[in-house]
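Okay, so here's the structure we're looking at.
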Amino acid sequence: MNMMQEHEGVIRLTVFVGVFALMAVWEIFGQKRELTQPKLQRWLTNWALVVVNSVAVRLFVPVLAVSFAASMQNHSIGLMNFIDMPVWLSVILGVVILDCCIYFQHVLSHRIPMLWRLHKVHHADRDIDVTTGARFHPLEIIFSMLYKLVCIFVFGVPAIAVFLFEIILNASAMFNHSNVSIKTGIDKVLRLLIVTPDMHRVHHSELPAETNSNYGFFLPWWDRLFNTYIDQPKYGHNDMTIGLTEYQTDNPSKLAWSMLLPFKK
């Protein structure tokens, strides 16, 4: 446990860079959609947001999720700490519980106006690719981390499950936001187990009914279970409009505009 906490940052960064590189190369050789904006400006903005978010979490969140989970585990706090089960089962159950929690957080980010003002920064991106999976406003990232800590406190998710989930969540976000082409038959099978790029791309449509669907990040079951699932976009993946109707300009690719968006009337 101590070794995992000690090397958490290195492991997460290694996986992040590895998955990003894989998806970026895949996008070059197996692109799904033509981009509408220059990639360089978008990528500079999206990566700048990643840096700002990393600093914001370190400055404003007193404890990281894995360390917090370890502390809860040591003090037997949370529902799972009162149930005797094998380690492997607690890890699987912990990952599933956290994924369900993130699903509901995502739904709330669309339903609660104050949270939607923050989440719009993510949806304003007029193209969707591997960098979109990391494009979030720092205030939303801070809220997300605090929300996660509350979930860990309530459910008592073991530290190893939190550690694995953090890696899975980052990797799956880059995967399902990527602009890659997967054959329809393979996609149908894959989306029974994980959220695929074609499944999540629907969520980034400018059509409100599609924007408010397919909230899952890793496991695809919650959308089917809670009736928020749409199989395919109305206008098809190549002809659908990505982003938000009111922001079909070059502004979303600008860092200052993206940072100030939640505060605009």
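The values are calculated or read from the model by the stated rules, or taken from the named source; none is laboratory data. Please read all numbers here as calculations on a predicted model, not as lab measurements. When we count neighbours, we look across all protein chains shown, and the Cβ atoms used for this are built from the backbone with ideal geometry, even at glycine. Please note that ligands, DNA and RNA were not included when accessible areas were found on the heavy atoms of the full protein model with its side chains. Shrake-Rupley method; radii C 1.70, N 1.55, O 1.52, S 1.80 Å.
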What helix-only [θ] at 222 nm does the chain give? Using -39500 (n - 2.57) per DSSP H run of at least 4, over all residues, to the nearest 500, the answer is -18500 deg cm²/dmol
Euclidean distance of C-alpha centroids, segment 230-252 and segment 109-153, integer Å:
18
Surface share of carbon and sulfur [accessible, 1.4 angstrom probe, percent] for segment 179-265
62
Non-local residues with an amide H under 5 Å from the amide H of Lys32, with H modelled 1.01 Å from N and Pro and chain starts lacking one, are Val180, Ser181
What angle do you read, to the nearest 10 degrees and between 0 and 90, between the alpha-carbon axis of helix 65-74 and the longest principal axis of the chain?
20
Which percent of the accessible area of segment 78-128 is formed by carbon and sulfur heavy atoms (probe 1.4 angstrom)?
74
Dipole moment magnitude, nearest 20 debye, the chain about Cα centre, only Lys, Arg, Asp, Glu C-beta charged:
440
Give me the accessible area per residue for segment 140-226, probe 1.4 Å, as a whole number in Å².
35
Among the aspartates and glutamates, which fall within straight-line cross-link reach of Lys183, defined as a Cα-Cα distance under 14 Å, with same-chain neighbours fewer than 8 residues apart omitted?
Asp198
Sketch the reach of a paramagnetic label on Lys183 as a point 7 Å from Cα along Cα-to-Cβ, and name the residues of segment 11-31 whose backbone nitrogen lies under 20 Å away.
26-31
For segment 114-175, with equal point scatterers placed on the C-alpha atoms only and solvent neglected, what are the log10 I(q)/I(0) values from the Debye formula at q = 0.12 1/Å, to two decimals?
-0.36
Once both axes come from the Cα atoms, what is the angle between helix 8-29 and the longest principal axis of the chain, in degrees from 0 to 90, rounded to 10?
20
Which of the lysines could a cross-linker bridge to Lys254, judged by Cα under 25 Å and excluding same-chain residues fewer than eight apart?
Lys32, Lys39, Lys120, Lys264, Lys265
